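Below: the structure, in structure tokens.
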Amino acid sequence: MRRKDREVTNPEDIMNIIEKPKILHLGLFDDAYPYIVPLHYGYEFTGGKLIFYMHSAHEGHKLDLIKNNPCVCVELECDIELISGGDIPCKYGAAYASLIGRGKAEIISDEQEKIKGLRLLMKNQSGRDFDISDKMASTVDVIKVTVAEFTAKSKPKPD
């Protein structure tokens, strides 16, 4: 990371960055151009691994891209606020916190893992625990992204 002064390494602060947003940007390879799609997500951080779960229709472009190349990038941002520069345009900036990670995506076939992923997604999106039936889980595909490496950074708003 170039800006070490903005690097976030405290696990609590990293979890805060992961918990606040409700949309994850998933970057995929699509021939000559990247393909980025915003998705609702759930997550877990266990055994030193960061795992995201997203749902999808049973068919579509993102699933085709994952099947073709499972290497992906994830991006989250929160606490975004304009920092005014007054009458000097070059003094403007933004407060923010963000996380960017690289990993591998897979389409989950195990029904119990799909249910787990959907429960985590609903917990992150709503703050509530839901029972997800096999029938509910069968109506969607679940994408699991295991993040191998990530960086987090923050630029807080000045006092």
**OP:** Neighbouring Cβ atoms within 10 Å as the yardstick, rank Arg102, Arg2 fewest first.
**Re:** Arg2, Arg102
Original post:
By count of other Cβ within 10 Å, fewest leading, how are Tyr41, Tyr92 ordered?
Top reply: Tyr92, Tyr41
Subject >> Phe29-Arg102 pseudo-label distance in nm [points 7 Å out on the Cα-to-Cβ vector] >> reply: 1.1
Original post:
Charges only on Cβ, +1 for Lys and Arg, -1 for Asp and Glu: so what's the dipole of the chain about the Cα centre, in debye to the nearest 20?
Top reply: 300
**OP:** Could you run the Karplus curve 6.51 cos²θ - 1.76 cosθ + 1.60 with θ = phi - 60° over the range 61-68 and give me ³J(HN,Hα) per residue in whole Hz, x for Gly and Pro?
**Re:** 4, 5, 5, 4, 5, 4, 5, 6
**OP:** Over the Cα atoms of the chain, compute the convex hull volume and normalise it per residue, giving Å³.
**Re:** 148
Original post:
When only Cα pairs under 8 Å and 6 or more residues apart are kept, what is the percent relative contact order across the range 2-106?
Top reply: 25
Original post:
Where Rh is the Kirkwood radius over the Cα pairs of the range 1-54, the temperature 25 °C and the viscosity 0.890 mPa s, what D in µm²/s does Stokes-Einstein return?
Top reply: 185
Original post:
What's the exposure ranking of Phe45, Phe29, going from fewest to most Cβ atoms within 10 Å?
Top reply: Phe45, Phe29
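Quick note: the coordinates plus some simple rules give every number you see, no bench work behind them. Just so we're clear, the structure is a prediction, and the values are computed from it rather than from any experiment. Neighbour counts run over all protein chains shown; Cβ positions are idealised from the backbone, glycine included.
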